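Participant: Quick one: this structure, given as structure tokens, is what I'll be asking you about.
The values are calculated or read from the model by the stated rules, or taken from the named source; none is laboratory data. Because the structure is a prediction, the values reported are computed rather than measured. Note that each Cβ is placed from the backbone with ideal geometry, even for glycine, and that neighbours are counted across all protein chains shown. We work out accessible area using only protein heavy atoms, side chains counted, and drop any ligands, DNA or RNA first. Shrake-Rupley method; radii C 1.70, N 1.55, O 1.52, S 1.80 Å.
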Amino acid sequence: MNRSLEMLFILFTAITVLQTVTGVDIFETERTLYNGFSVLRTEDTDEPLIEAIRSSTEVWKVTVDNATYLDILVKPELQNMIEQLLNCANMSYTTLIQDLQKAIDLENEESDEVAVASFKTSCATTSGMSWTQYQSYDTISSYMDCLGSQYGYIAQLYTIGSSSEGRPLKVIKIGTEGRGQRKQSIWIDGGIHAREWISPAAVSYLLMELVENTNTHSDLLNQYDVYVMPVMNPDGYEYTRESNRMWRKTRSLNRGSSCRGVDPNRNFGYEWGGKGTSQDPCSDIYRGSSAFSEPETQAVRDFITARKRNIKMYLTFHSYGQMVLYPWGYDAVDHRDENELDRVGRIGSRAAGNKYTVGSAAKVLYPAAGGSDDWAMSEGIKFSYTIELPDTGSHGFILPANQIIPVSKEALQAVKSMADSI
Ligand code: 0X9
Ligand code: ZN
């Protein structure tokens, strides 16, 4: 490191020790705003500067066309400093998002009336559900209630537990029962991470298609029953709607800390506590006090475990990055089913328009233990995937609502083709 970079580095470290991470959050109950926050993209290197930046703000890794990048959330006070440091370290960067709050404010504008009309299903009308805007958990939940009562012959509603804040955790099983033999099934979930709004939107779209447009999907439904849980972490999701758009974790209380929440995708019980996890309740990748410490992950564990012999594929939808990832995620270690998982992953990617990167989670992205995908595979569900929905960073987590329908349509094609190929 040259002398001026070293000086800046020291200054930067001092400043960031005094200031902590995310948006402007004056009181716990007030909305956190991201005025003037930007997202910068730089190359993925081992430069010590990145570690310093990582300790003071959020850095997300993304793979696009075989190249990996780091997207850095930059608060306004550090904008100049970080840009200078990147320049001094000879690291090129681009600005992905100029003002995060502006992007947040525009994100949920209702899109395109034509699309609204064509998706007014009976239950959507009853519950106020649509896929032209991001919806509240209450709306998604009422929509599921309606499906359970109006389409009882094909859709069975389960409340599998309740969240830390007491919200019902809901799953719908889509299945044509009563044919003598027990069918194999597929599990699909969304909304593990609160801020990844496209996930519950797309997973609820899949649910709508399979229940309210069943005839179009008889190929899939003749072969499999499908369990769909659009929002695994409803407390976090509501918190992103009401208070802090960039929240990731659950909202449980942590003993001995004023920081709330656990990363549900570090809380599952396979290799829990390993690489890419934190013991610090204030961290965004806090693993929890023990494996399955969260009521949300417990409920999913219990429901899946009881049915695991029949579940052939586990699919969990996240964002962003456009990736189809398979185990292992806890570490870059090989396993014997990797070729097979890769083959099916590629079929999914192709069906979704060929713009998803396919690979093992730890190798393509980063090692992170306690993920739901690893746990599902460790329970004997061979085809286990995390699908990181679009985009590749231009909007990141703040994908405009007019993207819900196109992204969901691609996701539906991916799911159908993957199910067909296992
Ligand atoms: O880090 C995660 O939990 C996932 N990425 S995200 O940006 N949506 O947070 C990736 C999880 C991949 N699977 C495992 N590491 N097990
Ligand atoms: Zn996620």
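Participant: By average Cβ neighbour count within 10 Å, what is the ranking of 319-331, 211-223, 31-43 from highest down?
Facilitator: 319-331, 31-43, 211-223
Participant: For L96, what residues show an amide H to amide H distance below 5 Å, using hydrogens built from the backbone and excluding near sequence neighbours?
Facilitator: Close amide H contacts, sequence-distant or interchain: V39, L40, R41.
Participant: Determine the dipole magnitude for the chain: charges of +1 sit on the beta-carbon of Lys and Arg, -1 on that of Asp and Glu, nothing else is charged, the reference point is the Cα centre, and the result goes in debye to the nearest 20.
Facilitator: 1100 debye
Participant: If packing is taken as the mean number of other Cβ atoms within 10 Å per residue, what is the order of 78-88, 348-358, highest first?
Facilitator: The peptides rank, most packed first, as 348-358, 78-88.
Participant: Right, another one. Mind checking which of T357, T305, A332 is farthest towards the positive end of the stretch 301-422's charge dipole, using Cβ charges of +1 (Lys, Arg) and -1 (Asp, Glu) about the Cα centre?
Facilitator: Comparing the listed Cα positions along the dipole, T305 ranks first.
Participant: Tabulate in residue order the Karplus-calculated ³J(HN,Hα) for the stretch 373-389, using 6.51 cos²θ - 1.76 cosθ + 1.60 with θ = phi - 60°, rounded to whole Hz; enter x for Gly and Pro.
Facilitator: 3J(HN,Hα) across the stretch 373-389, in whole Hz: 5, 4, 4, 4, 5, 5, 8, x, 8, 5, 8, 10, 9, 9, 10, 8, 6.
Participant: Separate question: By the scheme Lys and Arg +1, Asp and Glu -1, what is the net charge of all other residues having a beta-carbon under 10 Å from that of D331?
Facilitator: Net charge in that neighbourhood comes out at 0.
Participant: Tell me, what is the FRET efficiency for A332 and C282 to the nearest 0.05, using R0 = 30 angstrom and their Cβ-Cβ distance as r?
Facilitator: For R0 = 30 Å, the calculated efficiency reads 0.60.
Participant: With the crude spin-label approximation of a point 7 Å out along Cα→Cβ, what separation in nm comes out for T176 versus D44?
Facilitator: Going by the 7 Å Cα→Cβ label model, 4.3 nm.
Participant: Here's something else I'd like to know. Express the relative contact order of the chain as a whole percentage, based on alpha carbon pairs under 8 Å and six or more residues apart in sequence.
Facilitator: 16 percent
Participant: Okay, moving on. Any idea what the dipole of the stretch 314-385 comes to, in debye rounded to 20, about its Cα centre with Lys/Arg Cβ at +1 and Asp/Glu Cβ at -1?
Facilitator: Charge dipole of the stretch 314-385: 380 debye, to the nearest 20.
Participant: Using Cα atoms only, what is the angle between the long axis of helix 338-351 and the major principal axis of the chain, expressed in degrees (0 to 90) to the nearest 10?
Facilitator: For helix 338-351, the angle is close to 80 degrees.
Participant: When all protein chains stay in place, what accessible area (Å², nearest 10, 1.4 Å probe) is found for H335?
Facilitator: Using a 1.4 Å probe on the heavy atoms, I get roughly 30 Å².
Participant: Right, next: Using alpha-carbon positions, what is the distance between the centroids of the stretch 306-371 and the stretch 40-100, in Å?
Facilitator: 26 Å
Participant: Provide the FRET efficiency to the nearest 0.05 for the Q150-Q84 pair, computing r from the beta carbons and using R0 = 60 Å.
Facilitator: Efficiency computed from Cβ-Cβ geometry: 0.50.
Participant: Filter K382/K409; K170/K312; K170/K275; K312/K363; K275/K382; K102/K363 down to the pairs with a C-alpha to C-alpha distance above 28 Å, please.
Facilitator: Table pairs above 28 Å Cα-Cα are K170/K275; K102/K363.
Participant: Sticking with this one: Net charge near I198: determine it from the other residues with C-beta under 12 Å of the C-beta of I198, scoring Lys and Arg +1 and Asp and Glu -1.
Facilitator: Neighbourhood net charge equals -4.
Participant: Another one. Please list, in order along the stretch 316-333, the HN-Hα scalar couplings obtained from phi with the Karplus expression 6.51 cos²θ - 1.76 cosθ + 1.60 (θ = phi - 60°), rounded to whole Hz, x for Gly and Pro.
Facilitator: Running phi through 6.51 cos²θ - 1.76 cosθ + 1.60 with θ = phi - 60° gives 10, 9, 10, 8, 10, x, 6, 9, 10, 10, 10, x, 7, x, 6, 6, 7, 10 Hz.
Participant: Same structure again: Once the Cα atoms of helix 404-420 and of the chain are each reduced to a long axis, what angle between those two axes, in degrees from 0 to 90 to the nearest 10, is obtained?
Facilitator: The angle comes out near 60 degrees.
Participant: Run through the DSSP bridge list for the chain and note the antiparallel percent, rounded to the nearest 5.
Facilitator: Antiparallel bridges make up about 55 percent of those DSSP assigns within the chain.
Participant: While we're on this one: Using the Cβ atoms and a cut-off under 12 Å, what net charge is assigned to the surroundings of Q322, where Lys and Arg are +1 and Asp and Glu are -1?
Facilitator: Surrounding charge for Q322 is -3.
Participant: Ignoring ligands, DNA and RNA, please state the percent of accessible area on the stretch 117-421 from carbon and sulfur, probe 1.4 Å.
Facilitator: Ligands and nucleic acids excluded, carbon and sulfur give 43 percent.
Participant: Taking amide H atoms as placed 1.01 Å from N in the peptide plane, list the residues 5 or more away in sequence, or in a different chain, whose amide H sits under 5 Å from that of S162.
Facilitator: L169
Participant: May I ask you to order 136-146, 55-65 by the average number of other C-beta atoms within 10 Å around their residues, highest value first?
Facilitator: The peptides rank, most packed first, as 136-146, 55-65.
Participant: Continuing with this model, one more query. For the stretch 138-199, with only Lys/Arg (+1) and Asp/Glu (-1) charged at the beta-carbon, what is the dipole magnitude about the Cα centre, in debye rounded to 20?
Facilitator: 320 debye
Participant: Oh, and also: Under 14 Å from a label point 7 Å along Cα→Cβ of S290: give me every residue in the stretch 252-267 with its amide N that close.
Facilitator: Answer for the stretch 252-267: none.
Participant: State, to one decimal in nm, how far the label point of K275 lies from the label point of R255, with both points 7 Å from Cα in the Cβ direction.
Facilitator: The answer from the label model is 3.1 nm.
Participant: With every protein chain kept in place and ligands, DNA and RNA left out, what is the accessible area per residue of the chain? Probe 1.4 Å, answer in Å².
Facilitator: 41 Å²
Participant: Write down the radius of gyration of the chain and its Dmax, each obtained from C-alpha positions, in Å.
Facilitator: Cα only, the chain: 21.2, 76 Å (Rg, Dmax).
Participant: Subtracting the Cα-Cα distance from 0.36 nm times the residue separation, let me have the gained length for E109 to V64 in nm, one decimal.
Facilitator: 13.4 nm is the gain from fully extending E109 to V64.
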